[in-house]
Amino acid sequence: MLKNSSLMRRTVFLVLAALVASTIFSTVAFGVAGRVTEYTKHVNTAFEQAQKLGSMIESMDDENSLYLSNYICGRSVITGRDVYLLNANGNVVVPTSGLYSHDYEEQINDARNKLLITENFSDAYCSSGENDEYLVIAHKIREGYYEGKYLVVIANVNENVDILEYYINVLLLSTLAAALTMLIPVVIVVNRITEPIQNVNRVAKLYGQGQYDIRADESYSGEGGELAVSFNMMADKLSKSISELTAERNRLEDIFNVISEGIVVFGENGEIGDMNDTMETIFSKVPKKNLFTERLHVIPFDEVWDDIDKCISENTQLERTVEGPDYVIKVTLIPKTDVNNSEKCVGAIGFFRDVTEESKLERTRRDYVANISHELRTPLQTLRGLIEPLADGMVRSEEDKLRYYNIILNETLRLSRLIDDMLELSKLQSRTLAFKMYPFDMNNLLTDLETKFYPVMADAGIKFNVVFHTGELPTVMGNSDRVEQILVILLDNAKKYTPSGGSITISAEYNNIVDKVFISVVDTGQGIHEYDINHIFDRFFKADRARGKKGTGLGLAIAKELLTYMGEDITVESEYGQGTTFTFTLKRAEASNNWY
């Protein structure tokens, strides 16, 4: 635990450092104070002893002076000092030669050279040896047996240093032992202090890794438990905020991805940042080039990238529309400025909208208006051209007038049919024209239609017949009047483009796999160009206009809308110069079907 806990290591180190510092401070203080005290005591004792020895020697008589002087001089076991008597020449007279310690020869010679004579014991000097420091006290004997001699007392100042060092070592070792003894309780106490902090730290790390449901242990007492409670309160609020932000981010991301416009965020250098899913399909119709370039792989237009660089460098909004055979895309680039500096551009946001269908609708609207204007203008100009001569009295013959009137009537009927077809088509497309769906017999409808159209086709020199490839057809669902209207439109269209000598056939068959009846109108006419066939069901579209075929151009559009209303489909197959086949479907009626 000590190895893994930085706080534990630091706390134990701090406690041990404090104990070691305290030990060092105590040792130094004790050593300094002990040395000063011992030195003072030693010096004072040396002076006292020297004074007493001087008084004792001066009081000696002849009988015992020699014995006593030999006993107290030299290395005195009584005083613990070295005591010597020197004559006037500075030679040692007591103790006799060889009895004194040669360790002090240097100090004795020093005293001999100085012949220091004092009247009292207040005068002294220090002498230093090789390793020690000595106090030398000299005094002249004034009376008694040794009158005129010199008493020299030599005291080693450092004699008691070894004892002092011993006590210092004892103090040092005892302090270190106490420190080591305190290490175990210190570790235990520090561990109890740091354990709740380590618990909160561990939980905080797991929380930072995304485990938002984890919480700290609040069972600890004191500040550790309060820290855990505070952390858990913070974690609860933070988890709630994160959940709300995550939900909001998901909502924004969903909105961002379902927007019909492609959105790309560009960085300060034009690099691609975030973009929504729409961008994957917005350029699906555009041929890709230079796929090894990431920029062109996302937006395959060099001119758009030039606009992006210009938008960022000049901090200006730009718009562009790129068009191709199958696509029209509108591009809007908006600069993104710094929050703290509106003049600094830090990127751009690009909006890409596919307006292909809108452009087609706009073109269709323009063509629709142009076609309506053209289709209405033609009969109106014809009527005007006929009515003006009649009104001016320029037509005098009754036969000519009757012919004019017939033409006017036909053009009026044509104009009426055009308007009726336009209204019917508009109602079908807006689903405001309603008709009932019910089961009916397709066999009778086709037979009756064959009877009606046979003479008309014969007059035009066209062979006409109805063929039932799978025998009698089952009952179908739909509206018989509207189905007949569809067939009439297809037959009129086939007759218009089939020359004399050609043929028109209504082919009927039932497919039991898809459970539907297929009705086809097949002609051997001029056919439809491949570049016209995709527009054959458009309003006012007329294939091969140069041939001047009459018609409003609304019939096939009406037929398709009628079939769409009934839930059916119509297709066309054609090869130019070989003929055309229109095929539509009708569902077989079930026995339980009711009219509706």
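The values are calculated or read from the model by the stated rules, or taken from the named source; none is laboratory data. Given the structure is predicted, the values throughout are model-derived calculations rather than measurements. Heads up, the Cβs are rebuilt from the backbone with ideal geometry, glycines too, and the neighbour counts pull from every protein chain shown. When the accessible area is computed, the model is the full protein with side chains, heavy atoms only, and any ligands, DNA or RNA have been set aside. Shrake-Rupley method; radii C 1.70, N 1.55, O 1.52, S 1.80 Å.
Within region 448-478, the set of residues being open to solvent by less than 70 Å² (accessible area, probe 1.4 Å), more than 19 Å from ASP515 (Cβ to Cβ) and not aromatic (Phe, Trp, Tyr) comprises LEU449, GLU450, PRO455, VAL456, MET457, ALA458, ALA460, GLY461, ILE462, ASN465, VAL466, VAL467. What tally of residues in region 351-383 results from selecting those that are out of contact with any helix residue (DSSP H, G or I) (no Cβ under 7 Å at 6 or more places or on another chain) and either modelled with pLDDT of 80 or more or within 30 Å of VAL264 (Cα to Cα) (or both)? Residues meeting the conditions: 11.
The rows are residues; the columns are (1) among the small types (Gly, Ala, Ser); (2) at pLDDT 90 or above; (3) surrounded by 13 or more Cβ atoms within 10 Å (Cβ to Cβ).
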site	(1), (2), (3)
ALA508	yes, yes, yes
ASN512	no, no, no
ILE519	no, yes, yes
GLY527	yes, no, yes
ILE536	no, no, yes
LYS542	no, no, yes
THR552	no, no, yes
ASP569	no, no, no
THR583	no, yes, yes
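Residues in region 458-491 that are over 30 Å from ALA589 (Cβ atoms) and outside any helix (DSSP H, G or I) were compared, and the one that is modelled with the lowest pLDDT is ALA460. Report yes if some residue within region 305-322 is open to solvent by 90 Å² or more (accessible area, probe 1.4 Å), in contact with a Ser or Thr (Cβ under 7 Å, 6 or more places away or on another chain) and more than 16 Å from GLY270 (Cβ to Cβ); otherwise report no. Yes, region 305-322 has at least one match.
Within region 332-344, being open to solvent by less than 50 Å² (accessible area, probe 1.4 Å) and either in contact with a Ser or Thr (Cβ under 6 Å, 6 or more places away or on another chain) or of a type in the set (Ser, Thr, Tyr) (or both) holds for one residue alone: THR332.
Close contacts from region 390-405, counting a first residue that is without any contact (Cβ under 8 Å) to a residue 12 or more places away in the chain and a second that is part of a helix (DSSP H, G or I) and open to solvent by less than 80 Å² (accessible area, probe 1.4 Å), with Cβ to Cβ under 8 Å and a gap of 6+ residues or different chains, come to VAL395/PRO389; VAL395/LYS401; VAL395/TYR404; LYS401/LEU390. Among the residues of region 492-519, the ones that are in a helix (DSSP H, G or I) and touching a residue at least 40 places away in the same chain (Cβ under 8 Å) come to 4 in all. Specify the residue that is nearest to SER243 (Cα to Cα); the eligible residues are those in region 216-229 that are part of a loop (DSSP other than H, G, I, E, B) and open to solvent by less than 80 Å² (accessible area, probe 1.4 Å). Step by step, filter region 216-229, then rank; the result is ALA216. Exactly one residue among GLY502, GLY478 is at positive phi and either touching a strand residue (DSSP E or B) at 6+ places or on another chain (Cβ under 7 Å) or aliphatic (A, V, I, L, M) (or both), and that residue is GLY478.
Considering only residues in region 202-215 that are at pLDDT 80 or above and in a helix (DSSP H, G or I), the one that is least open to solvent (accessible area, probe 1.4 Å) turns out to be VAL203. Selection over region 230-249 of residues that are open to solvent by less than 60 Å² (accessible area, probe 1.4 Å), within 23 Å of the chain's Cα centre (by Cα) and not hydrophobic (A, V, I, L, M, F, W, C) gives a count of 3.
Would you mind stating whether LEU176 is aliphatic (A, V, I, L, M) and either exposed (fewer than 15 other Cβ atoms within 10 Å of the Cβ) or touching a strand residue (DSSP E or B) at 6+ places or on another chain (Cβ under 6 Å) (or both)? Judged against the criteria, LEU176 is a match.
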